[in-house]
Amino acid sequence: MQQYIAPSLLAADFTNLKEEISKINNSEADWLHMDIMDGVFVPNISFGLPIVKAAKQLSTKPLDVHLMIVQPEKYIEDFKEAGADLLNVHYEASLHLNRTITKIHNTGMKAGVTLNPHTPVSVLEEIICELDLVLIMSVNPGFGGQDFIENSYSKISRLKELIERKNSKALIEVDGGVTSKNSSALFKAGADILVAGSFIFNSSDPVEAIKKLKEQ
Ligand code: DX5
Ligand code: ZN
């Protein structure tokens, strides 16, 4: 179990990204999570390639890019060039998932598949061995600051069981509604990486908030 923290930049102060990213650089955070929304796959638009490029110049942490867009396979090279280290595509947005994952790996990036709250873990049965990571959405994607969906705990267990049964090396990442109240239970349930946006950036001391998420 890794017990990584990936702050989500979506909740940061966009008028002061340099300062916000430097707080993350000076913290115990492991990755920087970046949420790309297209207004089609999810009912919100966030930011795109230029912001990923800027973050790459400022961040000392690897960029964990979460694509909430239709036809993610069209933009794999672009996100590689912008500086993504790990690219997450949604299962629900990827018709030819195997081809998309191969394409991501061919660029040298790590590849993750994200599942919406209603999508069962069992859909990954035939592809789990190809993945570096599975991202379980513990809120409906599109917005920060939503309430954690409690069913996510048992979903983590089902994913862990699948990973072990298939002898896969995939890590388990959980995204949405993560706070210091549920972080320790999520790690115990089998999560390797927790994404947190509002809990970190809305706090008066983001560095301390990250530390709290790591405390067991
Ligand atoms: C939601 C995004 C999340 C979001 C998490 O669609 O994928 O990464 O920023 O925000 P919080 O931690 O506030 O739920
Ligand atoms: Zn996300």
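Data overview
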quantity	calculated
Where a residue in region 177-203 is more than 12 Å from Ser138 (Cβ to Cβ) and its partner, wherever it lies, is among the basic types (Lys, Arg), with Cβ under 7 Å and at least six apart	Ser180/Lys212; Gly190/Lys160
Subset tally (residues that are assigned to a loop (DSSP other than H, G, I, E, B) and either surrounded by fewer than 16 Cβ atoms within 10 Å (Cβ to Cβ) or touching a Gly at 6+ places or on another chain (Cβ under 8 Å) (or both)) for region 41-60	4
Members of region 169-186 that are over 23 Å from Asn26 (Cβ atoms) and outside any strand (DSSP E or B)	Lys169, Ala170, Gly176, Gly177, Lys181, Asn182, Ser184, Ala185, Leu186
Check on Ala111, buried (at least 17 other Cβ atoms within 10 Å of the Cβ) and either touching a helix residue (DSSP H, G or I) at 6+ places or on another chain (Cβ under 9 Å) or of a type outside the set (A, V, I, L, M, F, W, C) (or both)	yes
Conditions (1) within 14 Å of ligand 1 (Cβ to nearest atom); (2) over 14 Å from Leu10 (Cβ atoms); (3) within 16 Å of the chain's Cα centre (by Cα): number failed by Phe47	(2)
Residue in region 146-156 that is nearest to ligand 2 (Cβ to nearest atom), counting only those that are of a type outside the set (D, E, K, R) and more than 18 Å from Ser198 (Cα to Cα)	Ser152
Selection count where residues are within 16 Å of Gly142 (Cβ to Cβ) and either part of a helix (DSSP H, G or I) or in contact with a helix residue (DSSP H, G or I) (Cβ under 6 Å, 6 or more places away or on another chain) (or both), scope region 66-88	2
Meets criteria (within 16 Å of ligand 2 (Cβ to nearest atom) and either surrounded by 13 or more Cβ atoms within 10 Å (Cβ to Cβ) or assigned to a strand (DSSP E or B) (or both)) for Glu92	yes
Residues (outside any helix (DSSP H, G or I) and crowded, with 20+ Cβ neighbours inside 10 Å) located in region 193-214	Ile193, Leu194, Val195, Ala196, Gly197
Of the criteria (1) in contact with a Phe, Trp or Tyr (Cβ under 7 Å, 6 or more places away or on another chain); (2) more than 27 Å from Met109 (Cα to Cα), which one Glu208 fails	(1)
Residues of region 157-181 satisfying the condition of being more than 12 Å from ligand 2 (Cβ to nearest atom) and buried (at least 22 other Cβ atoms within 10 Å of the Cβ)	Leu159, Ala170, Ile172
Filtered residues of region 182-198 (kept if among the polar types (S, T, N, Q) and within 15 Å of ligand 2 (Cβ to nearest atom))	Ser198
Complete set of residues in region 114-145 that are within 16 Å of ligand 2 (Cβ to nearest atom) and exposed (fewer than 15 other Cβ atoms within 10 Å of the Cβ)	Asn140, Gly145
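The numbers here are math on the coordinates, done by the rules we state, and not lab data. Because the structure is a prediction, the values reported are computed rather than measured. Cβ: placed from backbone, ideal geometry, glycine included. Neighbour counts: every protein chain shown.
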